[in-house]
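One structure coming up, written as structure tokens, with questions to follow.
Just so you know, all these numbers are worked out from the coordinates, no wet-lab data involved. The structure displayed is predicted, hence computed values, not measured ones. Backbone-built Cβ (ideal geometry, glycine too); neighbour counts: all protein chains shown.
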Amino acid sequence: MDIREKYTEEELIEMFDDMLDEVYPMFNMGQLLFYPSYILKSCDPIAYDISFDEYLDHLQEQEDEE
């Protein structure tokens, strides 16, 4: 089954952001804390999109193995 049929786009984005936020530490600047997913999405949306596509490929590979 195609991973995009199993989950909505919003669910996939949320899963990807959650993964980034679990793997990488939050960035602290003074009194402010920033989530890694927010930093990547805001500072380099192209890298975010590429990473998201790679994440989907990984999920699809896992789905195909099951």
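Which whole-number percentage describes the relative contact order of segment 3-65, with Cα contacts under 8 Å and a sequence gap of 6 or more?
Once divided by the residue count of segment 3-65, the mean separation gives 32 percent.
For segment 11-18, in order, what is each residue's ³J(HN,Hα) by Karplus, 6.51 cos²θ - 1.76 cosθ + 1.60 with θ = phi - 60°, in whole Hz (x at glycine and Pro)?
With coefficients 6.51, -1.76 and 1.60, one gets 5, 5, 5, 4, 5, 5, 4, 4 Hz.
Still on this structure, I have one more. Just from its helices, what would the mean residue ellipticity at 222 nm be for the chain, if runs of 4 or more DSSP H residues each count -39500 (n - 2.57) and the sum is divided by every residue, rounded to the nearest 500 deg cm²/dmol?
-22500 deg cm²/dmol
Residue separation times 0.36 nm, minus the C-alpha to C-alpha distance between D49 and E10: what's the value?
Stretched out fully, the D49 to E10 stretch lengthens by 12.7 nm.
When Lys and Arg each count +1 and Asp and Glu each count -1, what net charge do the other residues less than 9 Å away from Q60, Cβ to Cβ, add up to?
Net charge in that neighbourhood comes out at -4.
Can you tell me the Rg and Dmax of the chain, counting just the alpha carbons, in angstroms?
Both quantities, over Cα of the chain: 13.5, 46 Å.
Another question, then. Calculate one ³J(HN,Hα) per residue across segment 53-66 by plugging θ = phi - 60° into the Karplus curve 6.51 cos²θ - 1.76 cosθ + 1.60, and present them in order as whole Hz with x for glycine and proline.
Per residue, the Karplus-derived 3J(HN,Hα) values read 4, 5, 5, 5, 4, 4, 4, 5, 4, 4, 5, 5, 6, 7 Hz.
Further question on the same structure: In sequence order, what are the phi-derived ³J(HN,Hα) couplings for segment 32-45 according to the Karplus relation 6.51 cos²θ - 1.76 cosθ + 1.60 with θ = phi - 60°, rounded to whole Hz, with x for glycine and proline?
Karplus-based 3J(HN,Hα) across segment 32-45 equals 9, 10, 10, 6, x, 4, 5, 4, 4, 4, 7, 7, 8, x Hz.
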